[in-house]
1. Would you please list the contacts, defined by Cβ atoms under 9 Å and residues six or more apart or on different chains, that run from a residue in segment 146-157 that is under 14 Å from ARG192 (Cβ atoms) to a residue that is within 16 Å of the ligand (Cβ to nearest atom) and open to solvent by 30 Å² or more (accessible area, probe 1.4 Å)?
2. Which residue, of ALA9, ALA40, ALA21, ALA25, is at pLDDT 95 or above, of a type in the set (A, V, I, L, M), in a helix (DSSP H, G or I) and surrounded by fewer than 15 Cβ atoms within 10 Å (Cβ to Cβ)?
3. Which residues, counting only those in segment 113-134, are over 15 Å from VAL194 (Cβ atoms) and either acidic (Asp, Glu) or not in a helix (DSSP H, G or I) (or both)?
4. From the set of residues in segment 112-123 that are surrounded by 17 or more Cβ atoms within 10 Å (Cβ to Cβ) and more than 28 Å from ARG312 (Cα to Cα), which is farthest from the ligand (Cβ to nearest atom)?
5. Kindly indicate whether any position in segment 144-151 is open to solvent by 50 Å² or more (accessible area, probe 1.4 Å), part of a helix (DSSP H, G or I) and within 16 Å of the ligand (Cβ to nearest atom).
6. Output the residues belonging to segment 176-202 that are surrounded by fewer than 15 Cβ atoms within 10 Å (Cβ to Cβ), without any contact (Cβ under 8 Å) to a residue 40 or more places away in the chain and closer than 20 Å to ASP270 by Cβ.
7. Any residue in segment 101-111 that is farther than 20 Å from ASP227 by Cα, within 16 Å of the ligand (Cβ to nearest atom) and in contact (Cβ under 8 Å) with a residue 40 or more places away in the chain?
8. Can you tell me which of (1) without any contact (Cβ under 8 Å) to a residue 40 or more places away in the chain; (2) away from the ligand (no atom under 16 Å from the Cβ); (3) surrounded by fewer than 20 Cβ atoms within 10 Å (Cβ to Cβ) is the one MET94 doesn't meet?
Amino acid sequence: MSDRWNDLADRLLAGARLERAEALAMLGATDAETLPMLQAIARLRERHHGRRVRLHVLLNAKSGMCPEDCGFCSQSSVAAGPVDRYPLLTVEEMVESARAARAAGGWKFCIVTSTRGPGDLELARICEAVRRIKAEIPIRVCTSLGLLKPGQAAMLKAAGVDRFNHNLETAERRFGEICTTHSYEDRVETVRLVHEHGMESCCGGIVGMGEGDGDIADLCFALRDLDVSSIPVNFLNPRPGTSLEGANGLTPWRCLRVLAMFRAAHPAKDVRVAGGREVNLRSLQPLALLVGNSIFTNGYLTTPGQGEDADRRMIRDMGYEIEVEEGPAPAGAAPRDVAIRV
Ligand code: SF4
């Protein structure tokens with residue numbers, strides 16, 4: 001059994017690309033086959049990321065009241081559940097949150113707003129915050145501000161944004177079942193703009209929304225075709241009052257197979273064990289680090305996580321190290337990475 005996955009890992013380590021049939025075989029494996037699969041695919045993680053774990057810290061900088069109708073999202077104006085509603089934070093609040101993220105060992109700080117796309121005044125304020133963060137705090141900066149126009153992407157790049165998040169969410173075939181106010185192609189176009197303007201892309205999706213194995217494979221390979229830099233793999237944590245309130249059906253072992261498949265298809269990329277980690281992987285969540293090299297810490301946009309201390313303990317208990325930047329990067333220079341013991 002383990003020979004099968006070790007043979008696959010050998011081929012991938014030798015430079016082969018994961019094929020669709022192999023992806024489907026991984027997703028369709030039994031629970032008993034999954035631990036040997038993780039151990040084999042962990043060799044790819046170790047090749048490209050050693051035993052380092054990147055901590056990403058999210059800031060929900062503008063919450064609720066979003067005009068879009070993404071079925072998983074409690075911040076949509078069509079969702080009926082309870083959610084915080086507040087306008088864009090001040091520059092000072094965003095800078096102080098970045099400082100706290102760095103103090104928590106954050107490798108990347110991500111400013112997120114609930115929106116179809118940024119308005120002019122919001123974008124100007126976020127760019128000012130990013131300039132301050134880049135000048136004062138040694139942490140990479142990501143923004144997630146919805147759909148972008150070319151001039152907006154240029155402004156973010158000029159302000160110093162390293163990476164822009166915009167997920168494809170699900171397979172193209174299913175996108176219209178999840179969201180009707182914008183299209184899959186709209187999302188792809190924003191990812192292309194991010195690349196054209198010299199930023200890294202953070203682009204992944206959510207599993208547990210009623211999709212089949214073929215849909216997960218389609219999403220995974222669409223991300224490979226786009227050559228995205230970073231892949232957050234979210235697991236649906238159904239929110240009250242959303243149209244996906246009753247969805248999910250994930251098990252911890254299925255989540256682990258999904259993560260292993262994403263690593264196998266994207267050996268060198270930043271594959272993140274993202275939202276829904278705690279509630280879906282439950283007691284098996286440490287095993288996700290065998291194939292994923294990054295996590296969100298200190299919770300998500302609208303739901304709490306297990307907390308920074310528990311995340312650090314989990315990383316330490318698994319024998320991994322937190323990856324951080326060392327000191328402010330001079331303007332124009334690539335930041336240096338170091339691994340620290342937790
Ligand atoms: S665009 Fe973003 S904030 Fe708005 S409903 Fe969709 S996921 Fe939620």
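1. LEU147/ARG116; LEU147/ASP186; LEU147/GLU189; LEU148/GLU189
2. Details: ALA9 fails: surrounded by fewer than 15 Cβ atoms within 10 Å (Cβ to Cβ); ALA40 fails: surrounded by fewer than 15 Cβ atoms within 10 Å (Cβ to Cβ); ALA25 fails: surrounded by fewer than 15 Cβ atoms within 10 Å (Cβ to Cβ).
Every option except ALA21 fails the conditions.
3. THR113, SER114, THR115, ARG116, GLY119, ASP120, GLU122, GLU128
4. Here is the first cut: in segment 112-123, the residues surrounded by 17 or more Cβ atoms within 10 Å (Cβ to Cβ) are 112-115, 117-118, 122-123.
Narrowing further to those that are more than 28 Å from ARG312 (Cα to Cα): 114-115, 117-118, 122-123.
On the way: SER114: 4, THR115: 6, GLY117: 9, PRO118: 12, GLU122: 13, LEU123: 16 Å.
For segment 112-123, the residue satisfying everything is LEU123.
5. Filtering segment 144-151 for residues open to solvent by 50 Å² or more (accessible area, probe 1.4 Å) gives 149-150.
Then keep just the ones that are part of a helix (DSSP H, G or I); that gives 150.
So of that shortlist, the ones also within 16 Å of the ligand (Cβ to nearest atom) come out as none.
Within segment 144-151, not a single residue is open to solvent by 50 Å² or more (accessible area, probe 1.4 Å), part of a helix (DSSP H, G or I) and within 16 Å of the ligand (Cβ to nearest atom).
6. Listed by number, the list holds a single entry, ARG192.
7. Yes, the conditions are met somewhere in segment 101-111.
8. (3)
The values are calculated or read from the model by the stated rules, or taken from the named source; none is laboratory data. All of these numbers come straight from a predicted model, not from anything done at the bench. Every residue, glycine among them, receives a Cβ derived from its backbone with ideal geometry; neighbour counts consider all protein chains shown. Note: areas computed on protein heavy atoms with side chains; ligands, DNA, RNA excluded. Shrake-Rupley method; radii C 1.70, N 1.55, O 1.52, S 1.80 Å.
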